[in-house]
Amino acid sequence: MSNFGFTISKARIIDYDANDRSIAEYIAEHEPSFRVCIECGCCSATCTTGNFTRFSLRELQIFLKRGENELVRDNIGKCMLCGKCILVCPRGVNTRNVVTLAREAFNKKVKNAV
Amino acid sequence: MKIEGKRAIWSEYQKEIADDRYFYVRSCIRQNFFPGSEVAFLRIMREELGKDVYEHPCHTTCSGIGYHGDVVPVETAMTVVARQFALMTEAGYKNYVPSCITSFGLYTEILETWHHFPEVEGKVRKQLKKATGREFEIPENLAHASDVIYKFRKEIGAKAKYKLVNKNTGEPLKVVDHIGCHYSKMFPLKGVGGAEYPYVLAGMIEEWGGQVIDYPERRHCCGFGFRQYLVQANRGFSIACSKQKFESMQPYKPDMIITNCPGCPMFLDRWQYVINEMEGKTYGCNGEGIPVFTYEEVAGLVLGYDPWDLGLQMHQIDCEPLLEKIGYEYDPEKKYEINGTVTKINSHSLLNI
């Protein structure tokens, strides 16, 4: 291949038809408060793990809802389940249960398991 | 179906295009990319349609490429544009016809700005007078050169020696039209068909016998985008845009692409080669690329001009398969002939420059 000094950038389109939202649907089914998240980021702001690692619960929830599960699978194990995020959530999302259910879904290999 | 209502709505998407006496201004980059196009426009306008088209030797860049590349401030661009208008006024013309889509967009943007902020126009008038001693009048009519060809598409069609029809099957050629973003995406009312229903090229294609392809990414940018391309490291975004368009149009098996912007034919043409080098993909039939043309080149082909006079040898994607489809009579041996001497271009030496 000739070296042109650049490569073709990957499209950043969110393809909902191709993505698999089964993990998000599994979580929402067992923890309905997952649906009311407004992605404000309070959970990430108060997160001890997020302070020391790249972990962001807000980001992971967005990726789950998009069906882009790969990053979630690689990072969901970092949560220490301390529950501080539940205390600060303005929408009353049971975030600890969201994390637990996400782990469960990946372990059960719900439909795709990435 | 209420046809009258549709006609009334469609009338809002039309624009006024002058009949004659045009002050024509060339593009900075087209003369390097596809130098035959502007010559073909002048030939068609003067020889085929008998129109008065004037070119001023003192015309310079409109500075739009620098403005959109973030190196020329808008006040400077306005004064440069005011000087072009002064040249038109001095020559006694009132209908301004730029060859470049970005120029057309910049002129439109500046005229709209002056319309809403007359004090800015006053400031520019003072600056121009101080710097050059010139004065100017606002053009009565501003139309892009493709608007003018669109206006006379029927007259060109009536003189056509060839139609955009496959000679072997008798089927109309499947043509992708690509409108430059600065034509009507910034000021939709200033373009034929606006941003939603671009018709300036589609009208030509239909009139000259082709079939317009309406594919999902029809209105997507070609990828030029100035800043995306001017910085080498960003060119991945530029080529990604073109690739998205090619992948979207490929299932419709287009025979050709027709464009009305200086950058679009360049990038839709050259990026096909680069994608092929990088990923080994081609988007046309039989492993070939999809030939890309400017509207002047297509008009010239329809009128039966020599393809090498139109500058089709400057295209990365060979035009010969398309010419064969149309049943065009031409001399393949003259492709690289300059003043009677055949000049062979070595593509590898070009790459290594």
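On inspection, B:Glu277 qualifies as surrounded by fewer than 22 Cβ atoms within 10 Å (Cβ to Cβ), within 14 Å of chain A (Cβ to nearest Cβ) and more than 21 Å from the chain's Cα centre (by Cα).
When segment B:164-211 is limited to residues that are more than 13 Å from the chain's Cα centre (by Cα) and among the acidic types (Asp, Glu), the one that is surrounded by the fewest Cβ atoms within 10 Å (Cβ to Cβ) turns out to be B:Glu196.
Out of B:Gly236, B:Gly223, report the one residue that is within 19 Å of the chain's Cα centre (by Cα) and either under 29 Å from B:Leu106 (Cβ atoms) or within 12 Å of chain A (Cβ to nearest Cβ) (or both). The conditions single out B:Gly223. Quick check on segment B:168-178. Is at least one of its residues closer than 30 Å to B:Pro321 by Cβ and either small (Gly, Ala, Ser) or outside the structural domain of B:Cys222 (by TED's automatic domain parsing) (or both)? Checked against the condition, which is being closer than 30 Å to B:Pro321 by Cβ and either small (Gly, Ala, Ser) or outside the structural domain of B:Cys222 (by TED's automatic domain parsing) (or both), segment B:168-178 yields at least one hit. Figure legend. Inter-residue proximity from segment B:146-158: first residues touching a residue at least 12 places away in the same chain (Cβ under 8 Å), second residues among the small types (Gly, Ala, Ser), beta-carbon distance below 6 Å, spacing 6+ or different chains. Indicated pairs: B:Ile149/B:Ala299; B:Tyr150/B:Gly203; B:Arg153/B:Gly203; B:Ile156/B:Ala299.
When segment B:205-220 is limited to residues that are touching a Lys or Arg at 6+ places or on another chain (Cβ under 6 Å) and within 14 Å of chain A (Cβ to nearest Cβ), the one that is farthest from B:Cys181 (Cα to Cα) turns out to be B:Glu217.
Only one entry in B:Glu135, B:Glu121, B:Glu90 is crowded, with 16+ Cβ neighbours inside 10 Å and without any contact (Cβ under 8 Å) to a residue 60 or more places away in the chain, namely B:Glu121. The single condition among (1) hydrophobic (A, V, I, L, M, F, W, C); (2) crowded, with 18+ Cβ neighbours inside 10 Å; (3) farther than 26 Å from B:Ile9 by Cα that B:Val231 does not satisfy is (2). In segment A:61-79, the condition of being more than 14 Å from the chain's Cα centre (by Cα), surrounded by fewer than 13 Cβ atoms within 10 Å (Cβ to Cβ) and free of Cβ contacts under 8 Å to residues at least 60 places away in the same chain is met by no residue. Residues in segment A:22-53 that are at negative phi, touching a helix residue (DSSP H, G or I) at 6+ places or on another chain (Cβ under 7 Å) and assigned to a loop (DSSP other than H, G, I, E, B) were compared, and the one that is surrounded by the fewest Cβ atoms within 10 Å (Cβ to Cβ) is A:Thr53.
Of all residues in segment A:24-40, those that are farther than 14 Å from A:Val88 by Cα and touching a residue at least 12 places away in the same chain (Cβ under 8 Å) total 8.
Apart from one condition, A:Leu81 fits all of (1) assigned to a helix (DSSP H, G or I); (2) modelled with pLDDT of 95 or more; (3) not acidic (Asp, Glu); the exception is (1). Among the numbered conditions (1) over 22 Å from B:Phe293 (Cβ atoms); (2) charged (D, E, K, R); (3) out of contact with any strand residue (DSSP E or B) (no Cβ under 9 Å at 6 or more places or on another chain); (4) surrounded by fewer than 15 Cβ atoms within 10 Å (Cβ to Cβ), the only one that B:Lys15 does not meet is (4). Taken over segment B:100-118, the residue count meeting the criterion of being assigned to a loop (DSSP other than H, G, I, E, B) and surrounded by 24 or more Cβ atoms within 10 Å (Cβ to Cβ) is 1. Could you look through segment A:1-14, keep only residues that are at pLDDT below 85 and more than 7 Å from chain B (Cβ to nearest Cβ), and pick out the one that is nearest to B:Ala233 (Cα to Cα)? So the residue we want is A:Asn3. Among the residues making up segment B:109-168, those that are within 26 Å of B:Val53 (Cα to Cα) and of a type in the set (Phe, Trp, Tyr) are B:Phe136, B:Tyr150, B:Phe152, B:Tyr162. Of the candidates B:Cys58, B:Cys62, the single residue that is exposed (fewer than 12 other Cβ atoms within 10 Å of the Cβ) and either of a type outside the set (S, T, N, Q) or part of a loop (DSSP other than H, G, I, E, B) (or both) is B:Cys58.
The values are calculated or read from the model by the stated rules, or taken from the named source; none is laboratory data. These numbers were taken from a predicted model, which means no experiment stands behind them. Using ideal geometry, Cβ is built from the backbone for each residue, glycine included, and neighbour counts are taken over all protein chains shown.
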